[in-house]
1. Of the peptides 121-131, 73-83, 31-41, how do they stack up when ordered by the mean number of other Cβ atoms within 10 Å, highest first?
2. Determine the sum of side-chain charges near Met43: Lys and Arg each +1, Asp and Glu each -1, restricted to other residues whose C-beta is under 11 angstrom from that of Met43.
3. Out of His188, Val85, Ala234, whose Cα points farthest toward the positive end of the dipole of region 8-234 (charges: +1 Lys, Arg; -1 Asp, Glu; placed on Cβ)?
4. So which cysteines in the chain don't have a second cysteine's C-beta under 4.7 Å from them?
5. Classify region 8-234: rounded, prolate or oblate, from the alpha-carbon gyration tensor (a ≥ b ≥ c, eigenvalue square roots; a/c under 1.5 rounded; otherwise prolate if a/b is larger than b/c)?
6. Specify whether the C-alpha gyration tensor of region 2-46 places it in the rounded, prolate or oblate class, a ≥ b ≥ c being the square roots of the eigenvalues: rounded for a/c under 1.5, otherwise prolate if a/b is larger than b/c and oblate if not.
7. Taking the alpha-carbon centroid of each part, what is the distance from region 79-98 to region 40-73 in angstrom?
8. Taking a threshold of 22 Å on the Cα-Cα distance, which of the pairs Lys39/Lys158; Lys39/Lys106; Lys134/Lys235 fall above it?
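Only the coordinates and a few stated rules stand behind these numbers; no lab work does. Keep in mind that what you see is a predicted model, and the values were worked out from it rather than measured. Quick reminder, even Gly has a Cβ in these numbers, built from the backbone with ideal geometry, and neighbours come from all protein chains shown.
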Amino acid sequence: MDSERIGDEDWAELQRNLEATIPVYDRVNRIATLGQVSKWRRMVRDRLPRNCRLLEIGCGPGSFAEDVEGGELFCLDPIPEMIRVAEPRINSSRESRGDSAATFVKGTAEDLPFEDDSFDAVCSLFSFRDWYDKRRGLSESLRVLRPGGKLVIIDPAKMNRFHGFLGWLWMRTYVSAYARTIYRTGDHPWKWLTKTYSSFGTTRDYVKMLEEQGFTGVKAKVIFPGMATIWEGAKPE
Ligand SMILES: C[S@@+](CC[C@H](N)C(=O)[O-])C[C@H]1O[C@@H](n2cnc3c(N)ncnc32)[C@H](O)[C@@H]1O
């Protein structure tokens, strides 16, 4: 595992562990981020165009997508159980607002089952870190965006080695201790949060990667209190 790739065996193990987080996913995230996660999701929503054709890559159990209003929404995830949980959650919220039902697709960022130039925007929340080939996932995101379309990604922040050490310590101690009490074992699936964070690159590494994959106007913002980064870029017109 490094800042660009995750090997086949590690990725398969990571998927098993991500699936095991489903029942407590939102609860642990709220605690792990000191309640900040909903604000961060709002910040992502505010950066996306309204009422557009939007793809969320790595929708998980639907924690972000359930609050996306209007437009045409596509939710993609490689884990069937994530989609099984996300679909009723997202579509009942959409129905209550009078929005059209979202479309759910099993797949990975690295091999998007969509036509070229088919989305106004693509977003990925707390999933980019888990992509097994980040360059390929970004180049696929660029391919499916229409010219001028926008990509927004959010994931835990790592500004430099020292900041990365503090982030690792936070996950290894505080988040791990909370997960241990819920699962009643030291061998809980949130251990993989620390693992993928350890090999994750810095905010700047991925600004460079987005530019190298062909995005324009790339920028990144580390959000207060330094726990997450939002990256943005667009497909050239
Ligand atoms: C931590 S969850 C994030 C869920 C949701 N986006 C949120 O805002 O909380 C990460 C999701 O990314 C998915 N994922 C992992 N690797 C992926 C890949 N290569 N392509 C697309 N999704 C992936 C996982 O299956 C998981 O459901």
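1. Taking the mean over residues of other Cβ atoms within 10 Å, the ranking is 121-131, 73-83, 31-41.
2. Values: positive: Lys39, Arg41, Arg42, Arg45, Arg47, Lys221; negative: Asp46, Glu232.
After counting each charged neighbour, the total is +4.
3. Toward the positive end, the furthest listed residue is His188.
4. Isolated Cys, the chain: Cys52, Cys123.
5. Taking the square roots of the gyration eigenvalues as a ≥ b ≥ c, region 8-234 is oblate.
6. Here region 2-46 falls in the oblate category.
7. Cα centroid to Cα centroid, the span is 13 Å.
8. Over 22 Å Cα-Cα: Lys39/Lys106.
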